[in-house]
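*Asks:* Here it is, the structure, as structure tokens.
The values are calculated or read from the model by the stated rules, or taken from the named source; none is laboratory data. Because the structure is predicted, anything quoted here is derived from the model rather than measured. Cβ sites come from the backbone with ideal geometry, for glycine too, and all protein chains shown count toward neighbours. We work out accessible area using only protein heavy atoms, side chains counted, and drop any ligands, DNA or RNA first. Shrake-Rupley method; radii C 1.70, N 1.55, O 1.52, S 1.80 Å.
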Amino acid sequence: MGAMIEIKNLEKRFGDITAVAGVSFNVERGEVLGFLGPNGAGKSTTMKMLTGFLDPSGGAALVGGHDITADPLAAKRLLGYLPEGAPLYPDMTPESFLLFIAGIRGYSGDEARRRVADVVAKVSLQGVLRQPIETLSKGFKRRVGLAQAILHDPQVLVLDEPTDGLDPNQKHEVRALIRSMAKDKVIILSTHILEEVEALCTRVIIIAKGRMVIDCKPSELAARSKWHNAVRIDVEREDAQRVRSGLGEIHASAVEELESRNGCASYLVSTKDRRPIISEISQRAQAEKWKLDGLHVEHGRLDEVFRELTTVPN
Amino acid sequence: MRNTIVLFKRELAAYFTTPVAYVFICIFLLLCGILTFYLGGFYDRGEATLGPSFFEYHPILYILLIPAISMRLWAEERKQGTIELLMTLPVTLPQLVLSKFLASWAFAGIALALTFPLWLTVNYLGDPDNGVILASYLASWLMAGGYLAMGAFVSAITKNQVIAFVLSVIVCLLFLITGVPAVGDFLASVIPSDTVVDALRSFSFLSHFSSIARGVIDVRDLVFFASLIGVFLFMNAVMIELKKAD
């Protein structure tokens, strides 16, 4: 048995525009794949092909071994999908909407009601079940969208920007929910928020101009940053000069002065080969009795890696 | 089949969760009443029939009212983005097209059935041929189905319900107007071929409607409406396939 999701050289052209130009990857059970890329890079288009909304111009997408174009019903039964912006029927209530989804998923009577009650509890929709969806806040709407995606406990969950437009508390809730389901499913989610990838995903794919530019673990992504293992050091202003020259003596390093805050001078020390230098610095600090205010190791700046990878000079 | 029923139920319920259904039914019944009693001269005729005073106005009444039912079918779905939700559920496109059409047709049927007080009135006042009345109701409903299939197709072309409405009115009008005698004569004077003129005339709802409404249920008329509905639903599915991503 192959991977739960197999994407083979998937392509999509709209007229002369190539939205997705040959994307291939597999996803196994238990993986949470973060799908990153600038707007218009082809994230949503790839997800729309994977879920069977758009037909690929080339290549194939298989869900649980079922080709989404050749055997769409079997593939779609395994899928739960939250489209971008969580589209819903504004006139329906969450209850009637979820019962409708339950019907389509093949449940009826008590089984349907039990399924709906389960997901309602999972995403905390109890208070708004009988209100028209159009009167709900963005956070509740997103939860209704999530509820319909997970109602049949799908093996594969595809979420297109699940936390977009939510406030920090709502984001936290949605992430907790995704994390709780991650163990025995395949989850693919797209996002703009890089921290979300670190917090949720076991794997990250960055796509730019319709092509995959990287496929790795989130920690490896951070390691690509030139600030990986860099040390940020805050010292009291009076000691700044001494520390600055001391830092300059560390082998093959670059020292950058950062914006100072509350009367401290801050420096960012990095090396070309990104080797760990924290112990070297702390030894020197102790030996020379620097008046330190703070000492932090940078793990790498994801936004900088992201920019580097997605704005390749032509 | 199961899926079609679930989808059908949602679609039909959707008419009644908004005021649209009630407004539509009220206006339909109001117009039916006005046309029958004022323009149709229901009482002045002094005969117990519904044909000339009631059913005769349906082809024209439907041109404005049926597009109001059908305009939202796909346009709204695409505007809201719910089409993406719908088409990634384990349902087929034919199931979607069929369930939407059937729900709108059922809704039209409900509105039509609510004109029953007229039927009661005519039975109270006299002794009408109820067979003819039943056939007329059938003809009217079939014609509504034809208009709805066209409207559903047009609704699949655009995201904008107003455009869908206006285009549907025009398409429906085209399928009516060739049967109007004056237009028929005009066509005959510009088009030299009689066969073409006859073909155009035979596409008009008017002739097929009035022959069933007279109580003559001819298979050819039934086949006309059934195949017209079939063709437009097929085109509807093709159009969705083409346009869903826009």
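*Asks:* Out of B:Ala48, B:Ala75, report the one residue that is surrounded by 17 or more Cβ atoms within 10 Å (Cβ to Cβ) and either away from chain A (no Cβ under 11 Å) or in a helix (DSSP H, G or I) (or both).
*Replies:* Details: B:Ala48 fails: surrounded by 17 or more Cβ atoms within 10 Å (Cβ to Cβ).
Going through B:Ala48, B:Ala75 in turn, just one is surrounded by 17 or more Cβ atoms within 10 Å (Cβ to Cβ) and either away from chain A (no Cβ under 11 Å) or in a helix (DSSP H, G or I) (or both): B:Ala75.
*Asks:* Restricting to the range B:184-208, give me the number of residues that are assigned to a helix (DSSP H, G or I) and under 23 Å from B:Phe153 (Cβ atoms). Break it down into steps so the answer makes sense when it comes.
*Replies:* Filtering the range B:184-208 down to residues assigned to a helix (DSSP H, G or I) leaves B:184-190, B:194-202, B:205-208.
So of that shortlist, the ones also under 23 Å from B:Phe153 (Cβ atoms) come out as B:199-202, B:205-208.
Of the residues in that region, 8 qualify.
*Asks:* Consider B:Gly41 carefully, then state whether it is in contact with a Ser or Thr (Cβ under 8 Å, 6 or more places away or on another chain) and at positive phi.
*Replies:* Values: in contact with a Ser or Thr (Cβ under 8 Å, 6 or more places away or on another chain): yes; at positive phi: yes.
Judged against the criteria, B:Gly41 is a match.
*Asks:* Would you call A:His228 open to solvent by 60 Å² or more (accessible area, probe 1.4 Å) and at pLDDT below 85? Quick ask: steps written out before the conclusion?
*Replies:* Working: open to solvent by 60 Å² or more (accessible area, probe 1.4 Å): no; at pLDDT below 85: yes.
So A:His228 fails the test.
*Asks:* Still on this model: Somewhere in the range A:63-78, is a residue in contact (Cβ under 8 Å) with a residue 40 or more places away in the chain, crowded, with 21+ Cβ neighbours inside 10 Å and within 12 Å of chain B (Cβ to nearest Cβ)?
*Replies:* Yes, the range A:63-78 has at least one match.
*Asks:* What pairs come up if the first residue lies in the range B:170-181 and is without any contact (Cβ under 8 Å) to a residue 24 or more places away in the chain, the second is crowded, with 17+ Cβ neighbours inside 10 Å, and their beta carbons are under 7 Å apart, counting only those six or more places apart or on different chains?
*Replies:* Note: pairs meeting the criteria are B:Val171/B:Met150; B:Val171/B:Val154.
*Asks:* Something else about it: For B:Cys172, only one of the following conditions fails: (1) within 26 Å of B:Leu50 (Cβ to Cβ); (2) surrounded by fewer than 20 Cβ atoms within 10 Å (Cβ to Cβ); (3) not aromatic (Phe, Trp, Tyr). What is its number?
*Replies:* The number of the failed condition is (2).
*Asks:* Tally the residues that are outside any helix (DSSP H, G or I), open to solvent by 80 Å² or more (accessible area, probe 1.4 Å) and away from chain A (no Cβ under 14 Å), restricting the search to the range B:10-44. Lay out the reasoning, then the answer.
*Replies:* Of the residues in the range B:10-44, the ones outside any helix (DSSP H, G or I) are B:18-19, B:40-44.
Narrowing further to those that are open to solvent by 80 Å² or more (accessible area, probe 1.4 Å): B:19, B:43-44.
Now restrict to residues that are away from chain A (no Cβ under 14 Å): B:43-44.
Qualifying residue count, the range B:10-44: 2.
Results for (1) of a type outside the set (Gly, Ala, Ser); (2) open to solvent by less than 20 Å² (accessible area, probe 1.4 Å); (3) closer than 23 Å to B:Leu64 by Cβ; (4) touching an Asp or Glu at 6+ places or on another chain (Cβ under 7 Å), shown as yes or no for each residue.
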| residue | (1), (2), (3), (4) |
| --- | --- |
| B:Ala152 | no, yes, yes, no |
| B:Ser155 | no, yes, yes, no |
| B:Ile163 | yes, no, yes, no |
| B:Gly179 | no, no, yes, no |
| B:Val197 | yes, yes, no, no |
| B:Ser202 | no, no, no, no |
| B:Phe205 | yes, yes, yes, no |
| B:Phe209 | yes, yes, yes, no |
| B:Leu222 | yes, no, no, no |
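*Asks:* While we're looking at this one, here's another question. In the range A:204-225, which residues are more than 16 Å from A:Ser190 (Cα to Cα) and open to solvent by 20 Å² or more (accessible area, probe 1.4 Å)?
*Replies:* A:Ser219, A:Glu220, A:Ala223, A:Arg224
*Asks:* Another question, then. For the subset of the range A:29-51 comprising residues that are crowded, with 23+ Cβ neighbours inside 10 Å and over 19 Å from A:Asp215 (Cβ atoms), which member is nearest to the other protein chains (Cβ to nearest Cβ)?
*Replies:* A:Thr51
*Asks:* If we scan the range A:209-232, do we find a residue that is more than 30 Å from A:Gln155 (Cβ to Cβ) and assigned to a strand (DSSP E or B)?
*Replies:* Checked the range A:209-232: at least one residue is more than 30 Å from A:Gln155 (Cβ to Cβ) and assigned to a strand (DSSP E or B).
*Asks:* Hey, can you tell me all the residues within the range B:101-144 that are outside any helix (DSSP H, G or I) and crowded, with 16+ Cβ neighbours inside 10 Å? Break it down stepwise before answering.
*Replies:* At the first step, the residues of the range B:101-144 found to be outside any helix (DSSP H, G or I) are B:114-115, B:126-129.
B:Thr115, B:Pro128 - these are the residues of the range B:101-144 that are outside any helix (DSSP H, G or I) and crowded, with 16+ Cβ neighbours inside 10 Å.
*Asks:* May I pose another question? Looking only at residues in the range A:140-198 that are part of a helix (DSSP H, G or I) and among the polar types (S, T, N, Q), which one is surrounded by the most Cβ atoms within 10 Å (Cβ to Cβ)?
*Replies:* Of all residues in the range A:140-198, those part of a helix (DSSP H, G or I) come to A:140-150, A:168-181, A:194-198.
With among the polar types (S, T, N, Q) added as a condition, the list becomes A:148, A:169-170, A:180.
Details: A:Gln148: 27, A:Asn169: 9, A:Gln170: 17, A:Ser180: 9.
Looking at the filtered set, the residue picked out is A:Gln148.
*Asks:* Whether any residue in the range A:143-156 is more than 27 Å from A:Phe25 (Cβ to Cβ) and more than 13 Å from chain B (Cβ to nearest Cβ) is what I want to check.
*Replies:* yes
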